[in-house]
Structure formats: C-alpha cells, structure tokens
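Please read the structure below before turning to the comments.
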Amino acid sequence: APSRSAPARLGAVTVVGNERVSTSAIREEMGLAAGQPLGDAALAQARERVTQMAVFRRVSVTWDELPQQPGRAQVIVNVVEAPATTLGWGGGLEVGRELRTAETGLEDHLEVSPRGFFEIGRQNLGGRNRSVNFFSRVAVNPRSAPDDPTRDGRGLSFSEYRVSGTYRERHAFRSDTDILIGVTAEQGRRTTFNFARQGANADIVRQLSPTVSISGRYEMNVTRLFDERIPPDEQLDIDRLFPQVRLSILSSGVTWDRRDTPLSPTRGTFMTADIETAARAIASEVGYVKTFFQASAFHSLNAKTVLAMRAEVGMARGFERTVAVFDANGQPLLDADGNPVFQTVSDVPASQRFFAGGGTTVRGFQTDQLGVPEVLDANGLSLGGNGVVILNAELRRVVGTVLNRNFAVVGFLDGGNVFAHASDIDLDRIRRSVGGGVRWDSPLGPLRFDVGFKLNHLDVGTTPEREWEYHLSIGEAF
C-alpha cells in the first residue's frame, strides 16, 4: 500500500514483469480509467482484482507523480507470474461403515477404501485469464453385489471414479462475469444404489459485489442406476421405469458470502438460494422443479471460541408424465385387449431427490439413512424425498496445539429429516442428535472426528436403530 496520500487523478498505468499475460488484460482487470479520481482505496482494490486473477505469484501496486501533469499519477503494477502449467496429485483413505447383504439380511461392515487423484492445468491461454484443467479421481472399494451375499463386500473393485475437463475464462466479455464449460464422466456410490453419469455443463457467474454473486447453469447428463439395495417392489415408480434417465437442467442461484475464510470460518455469514428445473421441452426425459436454501452464521465469542449455526431447506416437485410399461425382457406389457399398458409417474429421479444423515448433515445417523417412515423401506433404507430440513448448532473451542497446529474440541446439536413431499415438511417430526468431537488443523484442512447420539429413536420393521454413529473426515461439517 502507498505510504502517502495518492494524487487526485490517474494519468497512466504501467505494467512490468508480465510475460505470458497481456498488459491489456491486466489493465482491464484493474478497472481503472485515465482521469478518474484516485486514492489509496482505489489502488488497494485494483491490486486485489489483479491478485484474484490467480495467475500471479506476487502483485504490487505503487504510484509516482507525473511531473508534466500536476495532480496526476502513474500507477505501476509489478507482477511475478505463476507457472503456466500446474500439476497436482494426492491420495488418502476413507473409513466408514457400509451396508452389506448377508444370509440373515443387511449388516454393517467397517470398510477402508484407498483413493487418489491427479490433475493438470494450463493457465494464461492467449495472454488472458483463461485456463483449461483435467482432473481425475479413483477409489478402490469392496465389491458391491447386493443380490449375492457370497460376493457382496468381498474382493475389490474400482467402483468410484471421476474424470472431468474444464475450460474457464474469468472476467469474460470485459465484465465481472466468469464462464466455465465442462464435461464429466463419473461413477459413484450412495447407500442404496450405485450410479454412472456422463454429462456436460456451461456455467456463468457474475460478481455483483465483493460479497454477492449470481450464477446460471445449463447441464445435460445421463445417469444410470445399478446395484440397488431396495427391492424393486419397494422402489418408486420412476426408479423402476427409468433406471437410466436423461436430464436437461436449467438452474440459477445467488450467493452472499461474508465469511472471513471459507475453509474454517470464525465470523461472518454465508447464504445461498438456488432453483433448478428440468423439462421435456428442453430434451429432458422427465421434468421437475427444485429449490434449495442455506444460511450459515459464525460468531467469535472470544479469541478461541466460535459459535457456528446453519439451516437448510430443500423442496422439489416432479412433473407428471405418462409412459409405456415394459417387462424384464424389454417388451411392452399388454392389457387383456392387447393394448399397451401405460403408467403416469410424477416422482423426482433418485439422483435429484434429497437425502440426509451423515457427517455433513445430521450427525448421529448413518449416511443417507435419515427420513420419515414414508421414505424408508423395511430395512430402514431411504428412498430419498422431495423435502428436507437440516438444522445445526456447533460450539468450537481451541484448547491447545498438536505438532504446532491448533487442536480444538466441539459440541453440537443437530436436527433434520427427509420428507416424501415438500408439503409434508413438519418441524414436529424433526429427528435430533447431540454429540461432540475434536478437530486438528492439519496441512490438508481440519481433520474432524465426531460422535453423535440420537435423542429420539425410531425402529423400522424389526430393525432397531443404532443409538450412536461416528464420523471421520477432513473439513468442517459446515
């Protein structure tokens, strides 16, 4: 920052140190115009905007008076460029309990899954703030074979992977608008099914202020469900009729972010509101509309204690569609008169329904296994729902250091539930849990271990709920 008050008007901008990033791109990013009023705040904002280009290791902004132009200054921007090519790789372990099929029914098993990732990116394309990136991730998990107790959970398979390529242009069209275009192929696991998905997306994000942004997105994807653990006669109609579904989705959202840091905030607020829709008019096989609201607040009670709170509400509704019914061999079913049998569905696809339970939603419940009885099968597995409420309150306190990094203890109270329909949302049916945990500020982020205890129990069929659950992960719960 300059050590003396800057003159009243900008005379010229000089950029030094840049090689691949063009001078014009840096000048445009600064947002300064010749002759405009100039002061320390304007210079600090210009430096911040250049830094946010994320293509420089170091940025400094200074000024000198122009002797030939009294009252005007030459702003000097000195940059050190980051490497044009970036590489990243890493690995780790995921430890958790998974449901497996046994001769006597479903059983919990402790599983350890190695995982790793690799990415490579190229910045400063065309001398501007454009980049391309390739990312890949893979995990080795025990084999999933829910219909065969002798094979389910035995042996290893590459059941989770993700490969994506993205192009990003910051401040496109010489505005505060970012554009991102991507393609993705992935396979993943949920508690009640596995899925494979291929898709493409285009995103636009516009920064309205340092804390407020709006976004728009179009996505086309095809999702296939397999290895379902819920019997066909208990599945929703849409999951049986569309085990593979094409979705064409339009969405938009607004974000208010006033946190001091996104990784482990100690003060500020964070709020988002999103709406998305899929419709047959834009090439989707089924249609729905979905909204999701989130609000978080963080308050420092003192130098070592933070109170964190969060509330989330999601609502969805499917559009009706009449489809022909086929048998297991792919042949259309016929009625007594030989006419095709049709069925009307209005459910939201499984990949878009709400699920809750686990270390980042309501602790004390297993991942994806929280829900009212209407969305649970005979074994307590969740079908997902069109309504969700999640409430969290957490007190975090640093109590010392381990290996010169902060070590904290946490107490929390969580609540929430998943409902079959948005109109069914009822705060009197909120399930609650209480518990505590520890945090260690590792080089990769907060290493977190929590134990949650259910405050109100629910037995589904002949299966009693477990009274407590533990959760181990990297990153805060919210």
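The values are calculated or read from the model by the stated rules, or taken from the named source; none is laboratory data. Note that the coordinates shown come from a computational prediction; the quantities given were computed from them, not determined experimentally. Every residue, glycine among them, receives a Cβ derived from its backbone with ideal geometry; neighbour counts consider all protein chains shown. Calculation scope for accessible area: heavy atoms of the full protein, side chains included, ligands and nucleic acids excluded. Shrake-Rupley method; radii C 1.70, N 1.55, O 1.52, S 1.80 Å.
From the set of residues in segment 76-86 that are open to solvent by 30 Å² or more (accessible area, probe 1.4 Å) and farther than 30 Å from LEU66 by Cα, which is farthest from the chain's Cα centre (by Cα)?
So the residue we want is PRO83.
Can you name the residue in segment 48-66 that is β-branched (Val, Ile, Thr) and open to solvent by less than 30 Å² (accessible area, probe 1.4 Å) and, of all such residues, is nearest to ILE26 (Cα to Cα)?
Checked segment 48-66; the qualifying residue nearest to ILE26 (Cα to Cα) is VAL50.
Filter segment 320-332 down to the residues that are exposed (fewer than 12 other Cβ atoms within 10 Å of the Cβ) and part of a loop (DSSP other than H, G, I, E, B), then identify the one that is nearest to the chain's Cα centre (by Cα).
GLU320
Does at least one position in segment 71-84 carry a residue that is in a strand (DSSP E or B), without any contact (Cβ under 8 Å) to a residue 40 or more places away in the chain and in contact with a Gly (Cβ under 9 Å, 6 or more places away or on another chain)?
Within segment 71-84, none of the residues are in a strand (DSSP E or B), without any contact (Cβ under 8 Å) to a residue 40 or more places away in the chain and in contact with a Gly (Cβ under 9 Å, 6 or more places away or on another chain).
Check off (1) in a loop (DSSP other than H, G, I, E, B); (2) open to solvent by less than 70 Å² (accessible area, probe 1.4 Å); (3) farther than 27 Å from ARG100 by Cβ for LEU263 and give me the number that stays unchecked.
It fails just one condition, (2).
So which residues in segment 428-478 are among the hydroxyl-bearing types (Ser, Thr, Tyr), surrounded by fewer than 18 Cβ atoms within 10 Å (Cβ to Cβ) and not in a loop (DSSP other than H, G, I, E, B), if there are any at all?
SER442, THR463, TYR470
Considering only strands (runs of 3 or more DSSP E) fully contained in segment 139-252, which possess at least 3 residues that are closer than 30 Å to LEU333 by Cβ and not β-branched (Val, Ile, Thr)?
194-207, 212-226
I want to confirm something. Restricting to segment 333-347 and keeping residues that are in a strand (DSSP E or B) and touching a helix residue (DSSP H, G or I) at 6+ places or on another chain (Cβ under 8 Å), which single residue is most open to solvent (accessible area, probe 1.4 Å)?
Applying the filter and picking the extreme gives GLN343.
Return the residue satisfying two criteria in turn: it lies in segment 196-244 and is open to solvent by less than 30 Å² (accessible area, probe 1.4 Å) and in contact with a helix residue (DSSP H, G or I) (Cβ under 7 Å, 6 or more places away or on another chain), and of such residues it is farthest from ASP377 (Cα to Cα).
THR223
Could you list, in sequence order, the residues of segment 9-39 that are outside any loop (DSSP other than H, G, I, E, B) and within 22 Å of ASP176 (Cβ to Cβ)?
If the condition is that a residue be outside any loop (DSSP other than H, G, I, E, B) and within 22 Å of ASP176 (Cβ to Cβ), then LEU10, VAL13, VAL15, THR23, SER24, ALA25, ILE26, ARG27, GLU28, GLU29, MET30, PRO37 are the ones that fit.
Residues of segment 285-299 being of a type outside the set (A, V, I, L, M, F, W, C) and without any contact (Cβ under 8 Å) to a residue 60 or more places away in the chain, which ones?
Passing the criteria: GLU285, GLY287, THR291, GLN294, HIS299.
Among the residues of segment 66-124, write down those that are farther than 19 Å from SER164 by Cβ and among the basic types (Lys, Arg).
If the condition is that a residue be farther than 19 Å from SER164 by Cβ and among the basic types (Lys, Arg), then ARG72, ARG97, ARG100 are the ones that fit.
Would you please list the contacts, defined by Cβ atoms under 8 Å and residues six or more apart or on different chains, that run from a residue in segment 1-26 that is surrounded by fewer than 13 Cβ atoms within 10 Å (Cβ to Cβ) and among the polar types (S, T, N, Q) to a residue that is modelled with pLDDT under 85 and assigned to a loop (DSSP other than H, G, I, E, B)?
That search, which allows pairs on different chains as well, returns SER5/GLY39.
Please find, among ILE275, ILE282, the residue that is open to solvent by 50 Å² or more (accessible area, probe 1.4 Å), touching a residue at least 12 places away in the same chain (Cβ under 8 Å) and under 18 Å from the mean Cα position of the chain (by Cα).
Going through ILE275, ILE282 in turn, just one is open to solvent by 50 Å² or more (accessible area, probe 1.4 Å), touching a residue at least 12 places away in the same chain (Cβ under 8 Å) and under 18 Å from the mean Cα position of the chain (by Cα): ILE275.
Tell me which residues, restricted to segment 87-113, are in a strand (DSSP E or B) and open to solvent by 60 Å² or more (accessible area, probe 1.4 Å).
Of everything in segment 87-113, those that are in a strand (DSSP E or B) and open to solvent by 60 Å² or more (accessible area, probe 1.4 Å) turn out to be LEU87, TRP89, GLY91, LEU93, GLU94, GLU107, ASP108, HIS109, LEU110, VAL112.
Quickly run through segment 179-190 and pick out the residues that are open to solvent by 20 Å² or more (accessible area, probe 1.4 Å) and in contact with a Ser or Thr (Cβ under 9 Å, 6 or more places away or on another chain).
LEU180, ILE181, VAL183, THR184, ALA185, GLU186, GLN187, ARG189, ARG190
Please specify each residue of segment 428-451 satisfying the condition of being over 24 Å from the mean Cα position of the chain (by Cα) and either at pLDDT below 95 or among the acidic types (Asp, Glu) (or both).
ASP428
Out of the residues in segment 160-178 that are open to solvent by 40 Å² or more (accessible area, probe 1.4 Å) and touching a residue at least 60 places away in the same chain (Cβ under 8 Å), which is farthest from ASN129 (Cα to Cα)?
Within segment 160-178, the match that is farthest from ASN129 (Cα to Cα) is ARG174.
Scan segment 285-319 for residues that are open to solvent by 20 Å² or more (accessible area, probe 1.4 Å), over 30 Å from VAL222 (Cβ atoms) and assigned to a strand (DSSP E or B) and report the count.
So the count comes out to 10.
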